[in-house]
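Below: one structure, written as structure tokens.
The values are calculated or read from the model by the stated rules, or taken from the named source; none is laboratory data. Everything numeric here is computed off the predicted structure, so don't read it as measured data. Quick reminder, even Gly has a Cβ in these numbers, built from the backbone with ideal geometry, and neighbours come from all protein chains shown. These area figures cover heavy atoms from the full protein model, side chains too; ligands, DNA and RNA do not enter into them. Shrake-Rupley method; radii C 1.70, N 1.55, O 1.52, S 1.80 Å.
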Amino acid sequence: MRKPNSEQERVAALERLGILDSQTNEYFDGVTRLAMTIFGLPGAFISLIDRDRQWLKASTGFCTPGDSREHSFCTHTIQASDVLVIEDTHEDPRFRDNPMVTGPDRIRFYAGAPMLTRDGFAIGALCIIDQQPRQLSESQRHKLQGLAALVMSHIELRRAVGHVDAVSGIANKFQLEVDLTEQCGVAEGEERVLVYIDMPDAAKAFEIASVLGIAVYDDVVRSVAGRLSALFRHRATLYHVTDTRFALLSKDGDTAAFIAFLDSVDATLQEPLLGLNLPLNLDSFGGIVQFKLCPQSSTDAPRKASAAVNQALIGRQRWSAYDSQLDASQQRAFRLLNSVQSSLADDAFHLVYQPKHDVRTGACHAAEALLRWQHPELGFVSPAEFIPLIEKTALIGPLTRWIMRTAIKQTAAWHRQGHAIKIAINLSAYNFEEVDICERLLATCLEFGLEPRYVEIECTEGTWMESPAILKAMHDIRAGGMSLALDDFGTGYSNFSYLQNVPATVVKVDQSLIRNVHTSERDQRIVRSLIALAAELQYQVVAEGVETAESLELIRSWGCQVAQGYYFAKPLAADAFVGHVEKFVQPSFSST
């Protein structure tokens, strides 16, 4: 039953359904076609009556009514208590001068059934029209009202099953997927623009929710939705994708004009949000993708828009256009990360061993375990590519555990062969945060029968070392009999004050300083100073990246004790490493 209510209440009920600015819908089109068939009429349409305009959601047949509420037949329908029938518009003083009657459409017959929400609000109408006067029987009126009820049920079901965001009241990402699929069905090959907008970004949103509360946060989301809806109402369909991420799908193929319009609204987007308890200035970041409608659009376009907005966030840019090369890089990164666990199970990872030599005697009594990945589909993947990716995820945990077990097991095997090799294993900041890292290392040594003093843990210097929990883990490792080495010493963090707290026994001078030390006076001064500082602090010094005899001679003369690099050998497989060790049993060069 239609509920007597104010216009404000009725419009609010319509807006809560989140359908005003949505795309055309195949279900609605099907209902209008069915209505034409049932009633044998040449035109049918579904109309929603907003505060100041008519929204046409579907139409079939000869007539496409305009968006003017003033001239809309349906404005009268939503005020009626039943189906409104105008048998002859020429005989009805309300409509005889209507442009839809006097104009080229020449509507003579109209019947409209109000679409009522379950609370009784009339939000629009299902209508049938003809260019000839007609009558509608009582049974036909019931059929028309039944079809209107079906449309209304579909609208409310759409909201109930999760196609409308509960906070903003606008269509969500699931509806975006549906709309992209349906748009492809009617306009495949046409160009569109999809824009993702974060307003505010995640950090600002968290700050608002934490400081001002969830209620204010929800008000901010609704205010942003309102601003975007007002700005783009006639140009794009608005969606609420995630917490503070919105999407805009252009309505036509004029992509250049739409992108130009995006640039033109920058100032408006940045105006303070008013209507809250206090005005808020919110930055916005947008990702733009142009695409052609195709069967893959429903998944491909949102993914590309997401990549573009993420790039805008990283660069703190107002707008960022989709970059296919950057996207390919990100897809490759995702593919690599997604392959880590299966590659561990399928033995696609393996270790090689970089020999370490005593610079005084030339003997090789140590090695650094280095990870290599032969991806089953991508082939060899450089550690410089995959290690930084994995270190940012929890995958570094199981991968490092595999490295520890493999390296310690191999080193124990060398010891049984009579080669007392010390093995260096690299750990990340994440590994040091694992509460049982020291216990795990010691248990692995015990399992394979290797004394902990033959294990050295390498870590890259940085601010993360100042954490009390990480410092405790380092002290536990030292207390367990293992040594601790600071990798890339002299680069990056370069804050020597932390050395007082870190229980390191070894510092490794980075290869970027060693590689050209035989030709660069600047590098010579830096390396000589670093070695002198380390000697004063009673650290053993290891030089990485030694590639020439001249470099070796220099670092040896400055007091460096151990060196590794291509001058001695490239990283070797386990069997080849044993052969290398045996070659250097006798001193190959003398100390100076």
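With all pairs of different alpha carbon atoms counted, what Kirkwood hydrodynamic radius in Å does the stretch 114-155 show? So the Kirkwood estimate lands at 11.3 Å.
If you find the alpha carbon centre of the stretch 378-442 and of the stretch 525-570, how far apart are they in angstrom? A separation of 25 Å, based on Cα centres.
For LYS143, give me every one of the aspartates and glutamates with a C-alpha distance below 15 angstrom, ignoring sequence neighbours fewer than eight places off in its own chain. The qualifying aspartates and glutamates are ASP82. Between GLU391 and ASP243, the contour length at 0.36 nm per residue exceeds the Cα-Cα span by 50.5 nm. Among the GluC sites (Glu not before Pro) within the stretch 16-100, those in coil by DSSP and having at most 12 neighbouring Cβ atoms inside 10 Å are GLU70.
So for the stretch 344-497: antiparallel DSSP bridges make up what percent, rounded to the nearest 5? Before the final figure, lay out the partial values.
Numbers: 12 of 24 bridges.
If we restrict to bridges inside the stretch 344-497, about 50 percent are antiparallel.
Solvent-accessible surface (1.4 Å probe) assigned to LEU147 amounts to roughly 10 Å².
Contact order, relative form, for the stretch 7-161: 23 percent (alpha carbon pairs under 8 Å, 6 or more residues apart, mean separation divided by residue count). For SER512, project a label point 7 Å along Cα to C-beta. Then give me every residue of the stretch 357-397 with its amide nitrogen under 16 Å of that point. Within reach of a label on SER512: 384-385, 388. What angle do you read, to the nearest 10 degrees and between 0 and 90, between the alpha-carbon axis of helix 297-315 and the longest principal axis of the chain? Its long axis makes an angle of about 60 degrees. Placing a pseudo-label 7 Å from each Cα along the Cα-to-Cβ vector at ALA328 and ARG416 gives an inter-label distance of 4.8 nm.
Modelled spin-label separation between ARG318 and ALA12, with each label point placed 7 Å from Cα along the Cα-to-Cβ direction: 3.6 nm. Across the stretch 305-441, the convex hull enclosing all Cα atoms gives 166 Å³ per residue.
Roughly what % antiparallel, to the nearest 5, for the DSSP beta bridges in the chain? Don't skip to the end; give the middle numbers.
On the way: 61 of 86 bridges.
In the chain, approximately 70 percent of DSSP beta bridges are antiparallel ones.
Under the criterion of Cα pairs below 8 Å and six or more residues apart, the relative contact order for the chain equals 9 percent. To the nearest 10, the accessible area of PHE334 is 140 Å² with a 1.4 Å probe.
Counting only protein heavy atoms and using a 1.4 Å probe, what share of the accessible area of the chain belongs to carbon plus sulfur, as a whole percent? Don't skip to the end; give the middle numbers.
Working: 13810 of 27180 Å².
Exposed carbon and sulfur together represent 51 percent of the surface.
Between 0 and 90 degrees, the angle of helix 202-212 with respect to the longest Cα principal axis of the chain falls at about 70 degrees. In this structure TYR322 has an accessible area near 60 Å², from a 1.4 Å probe over the protein heavy atoms. Rolling a 1.4 Å probe across the protein heavy atoms gives the chain an accessible surface of 46 Å² per residue. With r as the distance between the Cβ atoms of ALA345 and ALA576 and R0 = 30 Å, compute the FRET efficiency 1/(1 + (r/R0)^6) and round to 0.05. In this case the efficiency is close to 0.70. So which of LYS356/LYS392; LYS204/LYS251; LYS173/LYS251; LYS422/LYS570 end up more than 27 Å apart by C-alpha? Cα-Cα > 27 Å for LYS356/LYS392; LYS204/LYS251; rest within. Along the stretch 135-151 the Karplus relation, 6.51 cos²θ - 1.76 cosθ + 1.60 evaluated at θ = phi - 60°, assigns HN-Hα couplings of 10, 10, 6, 4, 5, 5, 4, 5, 5, 5, 5, x, 5, 4, 5, 4, 4 Hz to successive residues, with x for each Gly and Pro.
Report the relative contact order of the stretch 22-103, percent, no decimals, based on alpha-carbon pairs under 8 angstrom and at least 6 residues apart.
Reported as a whole number, the value is 20 percent.
Protection proxy ranking for 546-559, 355-368, using the average of other Cβ atoms within 10 Å per residue and placing the highest first: 355-368, 546-559.
Calculated mean residue ellipticity at 222 nm for the chain: -13000 deg cm²/dmol, from DSSP H runs with n ≥ 4 weighted as -39500 (n - 2.57), summed, divided by the residue count and rounded to 500.
Using Cα centres only, tell me the gap between the stretch 10-61 and the stretch 113-161 in whole Å. Result: 9 Å between the Cα centres.
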